[in-house]
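The structure appears below as structure tokens.
The values are calculated or read from the model by the stated rules, or taken from the named source; none is laboratory data. A quick note: this is a predicted structure, and the numbers were derived from the prediction, not measured. Cβ sites come from the backbone with ideal geometry, for glycine too, and all protein chains shown count toward neighbours. Please note that ligands, DNA and RNA were not included when accessible areas were found on the heavy atoms of the full protein model with its side chains. Shrake-Rupley method; radii C 1.70, N 1.55, O 1.52, S 1.80 Å.
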Amino acid sequence: MKLLLLGSGGREHALAWKIAQSPLVETLFIAPGNAGTRQVGTNVNIKATDFAAIRQFVLSEGVDMVVVGPEAPLVEGIQDFFQQDEALRRIPVIGPSQAGAQLEGSKDFAKGFMQRHTIPTAAYRTFTPETLDEGKAFLHTLQPPYVLKADGLCAGKGVLILDTLEAAEQELEEMLGGMFGEASSRVVIEEFLSGIECSVFVLTDSTDYKILPVAKDYKRIGEGDTGLNTGGMGSVSPVPFADATFMQKVEERIVRPTIQGLKEEGIAYRGFIFLGLIRVDRTYSCAEVGDPMVIEYNVRMGDPETESVMLRIESDLVDLLCGVAEGNLGTRELRIDPRTAVSVMLVSGGYPGHYEKGFPITGLDTVKESIVFHAGTKLVKKDNGTAMEQVVTDGGRVIAVSSYGADRAEALAASFRSAQCIQFEGKYFRRDIGNDL
Ligand code: AMP
Ligand code: GLY
């Protein structure tokens, strides 16, 4: 079959790497892809949100399935776009309808959904510019720290956690005043949850589901989880605290009610559900110490979690995706590799603040014990007058170095050795991914 994957980051390279191993796939296209995805497929110069261009490409190339990597095309309704088009209708899109994508696209919708289906999550209320004063009054009823969330998509920047009431009141006013534009025209204020986080990924055909390997991502720039938040500095899978008892609660209290709730609300959902969970270390109204609660939903795989999760899926991912498309996921087998996978992100100097792009990356082909996923890279012509090409840095997060190990220490050590084989000006990475577990 011919498959088109949308997106261009480390997550998409990891998905492309796994998809390309499938004997079911004859051709893999990635739109737009990056310098890494072209090693496992054919890059197509189309933006993941350019539906008209995607339509034309899918029809002219005879694409049989579309897999959506990032959230933006889903929130913009790519699934519905295909469904409503006579010529595209028969081509499955792996990802939810626009209604389902609200689980990520609107925090207020996600919170309301969890409340309707008694899924454990932080208590909350939603405010608008008209109800600013009530929002401030609500803050007075809470204990610090205060959690403020812009309702809409903000490229991961829409959540503020504030230590003082004064700061929370001021930020609320600024958010509702248009700090994140339309995305913060509604703001969710919620109870702070204390505990340790993990990411659970579910693949569903809207009735049956498979729970993929659990991962933990590391968001802060500095070792020991210090400094500014980033798009993710690495990930590890499995997560020891997400043991059988914990996962049974996740399945019973979160996964099943989520899938059932979508069905009851008439929402078509065929794709990945990413549960951002916290194992709470205090008692809340809907959870006891050690129980899972939902921090957030995303409607796609996580980045950089995918860069470790894909290593641990032993089965043919495309077979599972066909099960999603055909509505018979329950008949497909998910086998999980028992080894540990660790992914370490090499980032540009200065990231997540200001950084330069365009530095040549060398040593990529000297890496032997890890799998190298490109995140922010680009291929350019060498400036020596020849036709030769060169991979250069093209983002804050540049390369994810993923390795297997018998345990975390072994996998991390392998990624660390491989990280030293790769050179570019300003390269930085964390050496402690997974060490807190
Ligand atoms: P999000 O953008 O929803 O992924 O939130 C970013 C991060 O903020 C999460 O990964 C958590 O670390 C943190 N966070 C969000 N909501 C809460 C909450 N209610 N309590 C504690 N931490 C939170
Ligand atoms: N790793 C978090 C995310 O993908 O949103």
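List of remarks:
- Ile267 meets each of the listed conditions (1) of a type outside the set (Phe, Trp, Tyr); (2) in a loop (DSSP other than H, G, I, E, B); (3) within 16 Å of ligand 2 (Cβ to nearest atom) apart from (3).
- Within region 305-318, considering residues that are surrounded by fewer than 24 Cβ atoms within 10 Å (Cβ to Cβ) and not β-branched (Val, Ile, Thr), the one nearest to ligand 1 (Cβ to nearest atom): Arg312
- Ser199 vs. criteria in contact with an Asp or Glu (Cβ under 6 Å, 6 or more places away or on another chain), open to solvent by less than 30 Å² (accessible area, probe 1.4 Å) and either among the acidic types (Asp, Glu) or within 15 Å of ligand 1 (Cβ to nearest atom) (or both): yes
- Inter-residue pairs, beta-carbon under 6 Å, first farther than 13 Å from Phe424 by Cα and in region 339-351, second assigned to a loop (DSSP other than H, G, I, E, B) and open to solvent by 10 Å² or more (accessible area, probe 1.4 Å), 6+ apart: Thr340/Asp407; Val344/Phe429
- Among residues of region 20-34, those that are in contact with a strand residue (DSSP E or B) (Cβ under 6 Å, 6 or more places away or on another chain), surrounded by fewer than 24 Cβ atoms within 10 Å (Cβ to Cβ) and touching a residue at least 60 places away in the same chain (Cβ under 8 Å), counted: 1
- Residue within region 102-122 that is out of contact with any helix residue (DSSP H, G or I) (no Cβ under 7 Å at 6 or more places or on another chain), touching a residue at least 24 places away in the same chain (Cβ under 8 Å), open to solvent by 30 Å² or more (accessible area, probe 1.4 Å) and assigned to a helix (DSSP H, G or I) present: yes
- Yes/no for Gly302 being surrounded by fewer than 24 Cβ atoms within 10 Å (Cβ to Cβ), assigned to a loop (DSSP other than H, G, I, E, B) and within 16 Å of ligand 2 (Cβ to nearest atom): yes
- Test: residue in region 182-199 that is in contact with a Cys (Cβ under 8 Å, 6 or more places away or on another chain) and over 21 Å from Pro73 (Cβ atoms): yes
- Across region 148-178, the number of residues qualifying as crowded, with 18+ Cβ neighbours inside 10 Å and closer than 18 Å to Thr230 by Cβ comes to 3.
- Residue, nearest to ligand 2 (Cβ to nearest atom), within region 129-147, restricted to residues that are among the polar types (S, T, N, Q) and open to solvent by 40 Å² or more (accessible area, probe 1.4 Å): Gln143
- Residue that is open to solvent by 10 Å² or more (accessible area, probe 1.4 Å), more than 16 Å from ligand 1 (Cβ to nearest atom) and more than 13 Å from the chain's Cα centre (by Cα), where the choices are Gly290, Gly323: Gly290
- Scanning region 391-415 for residues that are open to solvent by 20 Å² or more (accessible area, probe 1.4 Å), more than 23 Å from the chain's Cα centre (by Cα) and in contact (Cβ under 8 Å) with a residue 12 or more places away in the chain yields Val391, Ala406, Asp407, Glu410.
- Across region 88-101, the qualifying residues are those that are open to solvent by less than 10 Å² (accessible area, probe 1.4 Å) and assigned to a helix (DSSP H, G or I), and the one among them that is farthest from ligand 1 (Cβ to nearest atom) is Gly100.
- Hits in region 169-219 (condition: under 16 Å from the mean Cα position of the chain (by Cα), farther than 18 Å from Leu103 by Cβ and not in a strand (DSSP E or B)): Pro213, Val214, Tyr218, Lys219
- Of Thr340, Thr366, all but one fail to be touching a helix residue (DSSP H, G or I) at 6+ places or on another chain (Cβ under 6 Å), open to solvent by 10 Å² or more (accessible area, probe 1.4 Å), under 22 Å from Ile196 (Cα atoms) and away from ligand 2 (no atom under 16 Å from the Cβ); the exception is Thr340.
- Note on region 220-273: among residues that are more than 21 Å from the chain's Cα centre (by Cα) and charged (D, E, K, R), the one that is most open to solvent (accessible area, probe 1.4 Å) is Glu264.
Residue by residue, here is whether (1) within 26 Å of Ala16 (Cβ to Cβ); (2) away from ligand 1 (no atom under 16 Å from the Cβ) holds:
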site: Ala242; (1), (2): no, no
site: Val250; (1), (2): no, yes
site: Val255; (1), (2): no, yes
site: Ile267; (1), (2): no, yes
site: Phe274; (1), (2): yes, no
site: Ser285; (1), (2): no, no
site: Asn298; (1), (2): yes, no
